[in-house]
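**Q** Shown below is the structure under consideration.
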């Protein structure tokens, strides 16, 4: 099955347990009708199954199938591999290549950060933000002190 960011996002959201369409939509920042379309496609590929959730008030919810877990793990490794490759390319000064490598998966990176599946330093390096932090660190402790705010004890 071909990687699609919206498919991956829904699978990743289900990796933390059975969820309703509304819960998935909130987590992946999609409209519920779009989530329903993605779920329908994922069910067609045997990656997601419908279940009931709740004791008294039953709600229709969705969970990963065994095949869904397999695809999720494969795609998760693909995304992490792309992020690592992009970081490596940026460190080598090959920014355009890094952006090309990252483009197909860039939309799912914030979700991976939220779920704790991606290291912030690696994410920053892949997006080229680490160089700015490294340069500031070389300037010393005053690099971040521009007088805009006070973090002393008298702030409270």
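The values are calculated or read from the model by the stated rules, or taken from the named source; none is laboratory data. Keep in mind it's a predicted model, so treat the numbers as computed, not measured. As a convention, Cβ positions derive from the backbone with ideal geometry for all residues, glycine included, and neighbour counts pool all protein chains shown.
**Q** If I filter segment 49-81 down to residues being in a strand (DSSP E or B) and under 21 Å from the mean Cα position of the chain (by Cα), which single residue comes out as nearest to residue 20 (Cα to Cα)?
**A** Residue satisfying both the conditions and the ranking: 62.
**Q** What's the number of the condition residue 70 fails, among (1) modelled with pLDDT of 95 or more; (2) touching a strand residue (DSSP E or B) at 6+ places or on another chain (Cβ under 6 Å)?
**A** Condition (2) is where residue 70 drops out.
**Q** Taking the stated definitions as given, is residue 3 over 17 Å from residue 122 (Cβ atoms), in contact with a helix residue (DSSP H, G or I) (Cβ under 7 Å, 6 or more places away or on another chain), at pLDDT below 90 and part of a loop (DSSP other than H, G, I, E, B)?
**A** yes
**Q** Another one. In this structure, does residue 84 turn out to be outside any strand (DSSP E or B), free of Cβ contacts under 8 Å to residues at least 24 places away in the same chain and closer than 24 Å to residue 117 by Cβ?
**A** For residue 84, the condition - outside any strand (DSSP E or B), free of Cβ contacts under 8 Å to residues at least 24 places away in the same chain and closer than 24 Å to residue 117 by Cβ - is not met.
**Q** Kindly list, by first and then second residue, each pair from a residue in segment 44-57 that is free of Cβ contacts under 8 Å to residues at least 24 places away in the same chain to a residue that is part of a loop (DSSP other than H, G, I, E, B) and surrounded by 13 or more Cβ atoms within 10 Å (Cβ to Cβ), limited to pairs with Cβ atoms under 7 Å and residues at least 6 apart or on different chains.
**A** If the second residue must be part of a loop (DSSP other than H, G, I, E, B) and surrounded by 13 or more Cβ atoms within 10 Å (Cβ to Cβ), the pairs left are 46/65; 49/65.
**Q** Now a separate question. Checking residue 117 against (1) part of a helix (DSSP H, G or I); (2) touching a residue at least 24 places away in the same chain (Cβ under 8 Å); (3) surrounded by fewer than 17 Cβ atoms within 10 Å (Cβ to Cβ), only one condition comes out false. Which one?
**A** Of the numbered conditions (1) part of a helix (DSSP H, G or I); (2) touching a residue at least 24 places away in the same chain (Cβ under 8 Å); (3) surrounded by fewer than 17 Cβ atoms within 10 Å (Cβ to Cβ), the odd one out for residue 117 is (1).
**Q** Let me ask something else about it. Could you list, in sequence order, the residues of segment 27-48 that are more than 18 Å from residue 69 (Cα to Cα), assigned to a helix (DSSP H, G or I) and at pLDDT 95 or above?
**A** Correct list: 32, 33, 34, 35, 36, 37.
**Q** If I go through segment 111-143 residue by residue, how many of them are in contact with a helix residue (DSSP H, G or I) (Cβ under 9 Å, 6 or more places away or on another chain) and at pLDDT 80 or above?
**A** Matching residues across segment 111-143 total 17.
**Q** On the given criteria, is residue 35 touching a residue at least 24 places away in the same chain (Cβ under 8 Å), touching a strand residue (DSSP E or B) at 6+ places or on another chain (Cβ under 6 Å) and buried (at least 17 other Cβ atoms within 10 Å of the Cβ)? Spell out how you get there, then give the answer.
**A** Numbers: touching a residue at least 24 places away in the same chain (Cβ under 8 Å): yes; touching a strand residue (DSSP E or B) at 6+ places or on another chain (Cβ under 6 Å): no; buried (at least 17 other Cβ atoms within 10 Å of the Cβ): yes.
It is false that residue 35 is touching a residue at least 24 places away in the same chain (Cβ under 8 Å), touching a strand residue (DSSP E or B) at 6+ places or on another chain (Cβ under 6 Å) and buried (at least 17 other Cβ atoms within 10 Å of the Cβ).
**Q** Another question, then. Would you be able to tell me the number of residues in segment 6-28 that are touching a helix residue (DSSP H, G or I) at 6+ places or on another chain (Cβ under 8 Å) and under 27 Å from residue 102 (Cβ atoms)?
**A** 14
**Q** Then there is this: Residues in segment 10-17: is at least one closer than 26 Å to residue 122 by Cα, out of contact with any strand residue (DSSP E or B) (no Cβ under 8 Å at 6 or more places or on another chain), at pLDDT below 90 and surrounded by 14 or more Cβ atoms within 10 Å (Cβ to Cβ)?
**A** Within segment 10-17, not a single residue is closer than 26 Å to residue 122 by Cα, out of contact with any strand residue (DSSP E or B) (no Cβ under 8 Å at 6 or more places or on another chain), at pLDDT below 90 and surrounded by 14 or more Cβ atoms within 10 Å (Cβ to Cβ).
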